[in-house]
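Working notes, beginning with the structure itself.
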Amino acid sequence: MGKGYLDSADKLVNKPFSLAGKNAFAINDQQKLMQKLIFPEAFPTNERFNLTVEDYKLIYTYMSKYPTESDYPKYDPKEFWTTYAKMLYYGREKITPDPNIRIFNKYGDSYGYIIDNSYFVDFKNGIEYFLTAVVQSNEDGIFNDNKYEYDTVCFPFMKNLGKSIYEVELNRKKMRQTDLSRFKLDYSY
């Protein structure tokens, strides 16, 4: 992809950059993993993970914790603010999150790409949905140069997409209400 890349010696190579061997976890596999973690009962027994109720609780807790709620590891709040890893909905805003909303997610960034694979819960309004998105920015077409438009393209896109989907879900008539009680967790440890 692109028109060139910087090699390990920071020399420009004028040919497309290959991610072969760098991205071994396809987005559809990531989505399926998230679905199996969040709703294991929706899958045949032989496709479920061999996890206990306590295992799931631990996974849910750490997937939905904000960096400022973590004691282990302990994060510097100047570098990892509350909404740091919640791209879909908050982007890179340094704000106090809505206390009724929890986002269970795994996000990543590399080579100008941002991915966020999430399960979104709004306890107050009874909203829940899965949302996964990938966006890429690289105006100059050179990879591995650390010149990507994360701040002007990726983060705003993710925030606006997340908020747009949330608005749709907020206004969508639900056929039935999901019991979200298992996702109300204790973040004090």
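Out of Val168, Val121, which single residue is part of a strand (DSSP E or B) and either over 30 Å from Lys15 (Cβ atoms) or free of Cβ contacts under 8 Å to residues at least 40 places away in the same chain (or both)?
None of the others qualify; the one that does is Val121.
Within the group Leu37, Leu19, Leu12, which residue is more than 22 Å from the chain's Cα centre (by Cα), aliphatic (A, V, I, L, M) and surrounded by 10 or more Cβ atoms within 10 Å (Cβ to Cβ)? Answer to the selection: Leu12. Kindly indicate whether any position in segment 49-63 is of a type outside the set (S, T, N, Q), touching a Lys or Arg at 6+ places or on another chain (Cβ under 9 Å), farther than 19 Å from Arg102 by Cβ and part of a helix (DSSP H, G or I). No. Taking the conditions exactly as written (more than 30 Å from Ser8 (Cα to Cα), among the polar types (S, T, N, Q), exposed (fewer than 14 other Cβ atoms within 10 Å of the Cβ) and modelled with pLDDT of 95 or more), does Ser188 satisfy them or not? So Ser188 fails the test.
Would you check if Asp10 is part of a loop (DSSP other than H, G, I, E, B) and either more than 17 Å from Tyr113 (Cα to Cα) or modelled with pLDDT of 95 or more (or both)? Steps first, answer last, please.
Numbers: part of a loop (DSSP other than H, G, I, E, B): yes; either more than 17 Å from Tyr113 (Cα to Cα) or modelled with pLDDT of 95 or more (or both): yes.
Here the answer is yes, as Asp10 does meet what is asked.
Residues being in contact (Cβ under 8 Å) with a residue 60 or more places away in the chain, part of a helix (DSSP H, G or I) and buried (at least 17 other Cβ atoms within 10 Å of the Cβ) are entirely absent from segment 95-107.
The values are calculated or read from the model by the stated rules, or taken from the named source; none is laboratory data. Predicted model, so just to flag it, every value in this text is computed and none were measured. When we count neighbours, we look across all protein chains shown, and the Cβ atoms used for this are built from the backbone with ideal geometry, even at glycine.
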